[in-house]
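Since the structure comes first, as structure tokens, the remarks are kept for the end.
Just so you know, all these numbers are worked out from the coordinates, no wet-lab data involved. Here the structure is a predicted model, which is why all the values come from computation and not from measurement. Cβ atoms come from the backbone with ideal geometry, glycine included; neighbour counts cover every protein chain shown.
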Amino acid sequence: MHRISVSGLQVDVVRKDIKNLHLGVYPPEGRIRVAAPLRVDDEAVRLMVITKLPWIRRQQTRFLAQERQSPREYTYRETHHLLGKGYLLNVIEGEGPSRVEVHDKAEIDLYVPVGSDAARREQVMLRWYRKELKALIPPMIAKWQDIIGVTVDDWGVKRMKTKWGSCNIEARRIWLNLELVKKPVQCLEYIVVHEMVHLLERNHTDRFRELMDQFMPLWRHHRDMLNQAPLCHETWG
Ligand SMILES: [Zn+2]
């Protein structure tokens, strides 16, 4: 990877054995990255970035606005999300095992030992989020294995900074971003389908988009919903 400067913006350029230029702007600070075919020189990359400047600036503004939102502290009456819906947090200190319970479809009760700090409260919440997300995934994969006609040998959930999901084609393993548990369930399903379609088509080619259109005609809508929803506020370890 190397870095070029275009109209005062720093752009990371990676050369890969791919057919088309691919431009991405990534949270949290709006880093710009271009994946370029081996034969495409920096001048062509520069020209492409210039034509996309308004779009890049819009993305960066959006990320910065999200960054300005306060980080989560896991305190009383803070809002936390599950499957696209906001819940008010109750922090309940006491004896017994740490746990999380949803009640009245509006509040999340977080049970922790007396004197637990924000890191401990976050840990309990993340463990619960992981469990909630992991419960949704196997039936979803089973459903889409039948529809798409591929098999997933393994899957997992992890925290990722720049991706909603990824697919290891050789191992037939998909990874899903833990943050998806906070988004509407259609967003999770879109990412599951997207990663599974990679088992038929490695790159984001026209064929990839045709397959997505075939299996999930509303995928663009789900994608846009996912990218509009605020990103996480936690600091990523
Ligand atoms: Zn992909």
Distance between modelled label sites at Leu88 and Thr61, nm, 7 Å Cα→Cβ extension: 3.4 nm
Solvent-free Debye scattering, log10 I(q)/I(0), computed from the Cα coordinates of segment 116-237 at q = 0.23 Å⁻¹: -1.47
Angle between the chain longest axis and helix 206-215 axis [Cα atoms, degrees, rounded to 10]: 40 degrees
Other-chain or far-sequence residues with amide H under 5 Å of Ile18's (modelled H): Leu38
Gyration tensor verdict on segment 64-144 (Cα atoms; rounded if a/c is under 1.5, prolate if a/b is larger than b/c, oblate otherwise): oblate
Shape category assigned to the chain from the gyration tensor of Cα positions, a/c cut at 1.5: oblate
Amide hydrogen neighbours beyond the local backbone of Val157, cut-off 5 Å, H modeled: Leu176
For segment 140-184: rounded, prolate or oblate by the Cα gyration tensor [a/c cutoff 1.5]: oblate
Fully extended contour minus Cα-Cα distance, from Lys16 to Lys131, at 0.36 nm per residue: 37.7 nm
Nearest-ten-degree value, helix 53-68 long axis tilted from longest Cα axis of the chain: 20 degrees
Isotropic mean projected area of the C-alpha convex hull, segment 37-174 (nm²): 13.3 nm²
On Cα atoms only, tilt of 42-51 relative to the major axis of the chain in degrees: 60 degrees
Restricting segment 17-57 to trypsin sites (Lys or Arg not before Pro) in coil, as DSSP defines it, with at most 11 other Cβ within 10 Å: Lys19, Arg39
